[in-house]
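Student: Quick one: structure below, then a few questions.
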Amino acid sequence: QVQLVESGGGLVQAGGSLRLSCAASGSIFRINTMGWYRQAPGKQLELVATITSGGVANYADSVKSRFTISRDNAQNTMYLQMNSLKPDDTADYYCHADALTRGALYPTNYWGQGTQVTVSS
């Protein structure tokens, strides 16, 4: 099994910045793509950004040029630097990993418990 633990959420004023972290632990053999997703109150879960094990990043149009995703493969940790935050960025942010555990034949999707981000106007 793989455990994902997010941290770094909180309350920030519009225009401010936050940095989210996602630490993966457990019986990890390899982590493939990792990503951040978010769910605002009353809305569906949406993709924020993903990053491959080789560092190729992909962003939702709504966060391009404001958010930066990165990862430290040696530490099994992923980050999301969020700048120029807007009230519309208010949501619960979830970490996702496509990971292969030791002894497994196929990778499995894993999710963190979420961290809340609130941006005040």
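The values are calculated or read from the model by the stated rules, or taken from the named source; none is laboratory data. Just so it is clear, the model here is predicted, and its values are computed rather than measured. Ligands, DNA and RNA are stripped out before the accessible areas are found, and what is left, the full protein with its side chains, is counted by its heavy atoms. Shrake-Rupley method; radii C 1.70, N 1.55, O 1.52, S 1.80 Å.
Student: How high is the relative contact order of the chain? Use alpha-carbon pairs under 8 Å, at least six apart in sequence, and give a whole percent. Working shown, then result.
Tutor: Details: 311 pairs, mean separation 44.2, N = 121.
Rounded, it is 37 percent for the chain.
Student: While we're here: For L100, L45, what's the largest-to-smallest order of accessible area, 1.4 Å probe?
Tutor: In descending accessible area the options line up as L45, L100.
Student: Would you tell me the accessible area of T52, worked out with a 1.4 angstrom probe on the heavy atoms of the protein chains, in Å² to the nearest 10?
Tutor: 50
Student: Sorted by accessible area (1.4 Å probe), largest first, how do V63, V12 line up? Present the calculation step by step, with values, prior to reporting the outcome.
Tutor: Details: V63 0, V12 20 Å².
I get V12, V63, largest accessible area first.
Student: Tell me, what is the percent relative contact order of segment 21-72, built from C-alpha pairs under 8 Å that lie six or more residues apart?
Tutor: After rounding, I find 25 percent.
Student: Continuing with this model, one more query. Determine the order of Y59, Y106 by accessible area, beginning with the largest, at a probe radius of 1.4 Å.
Tutor: Correct descending sequence by accessible area is Y106, Y59.
Student: Considering just Cα atoms, how many Å³ per residue does the convex hull of the chain enclose?
Tutor: So the per-residue Cα hull volume is 93 Å³.
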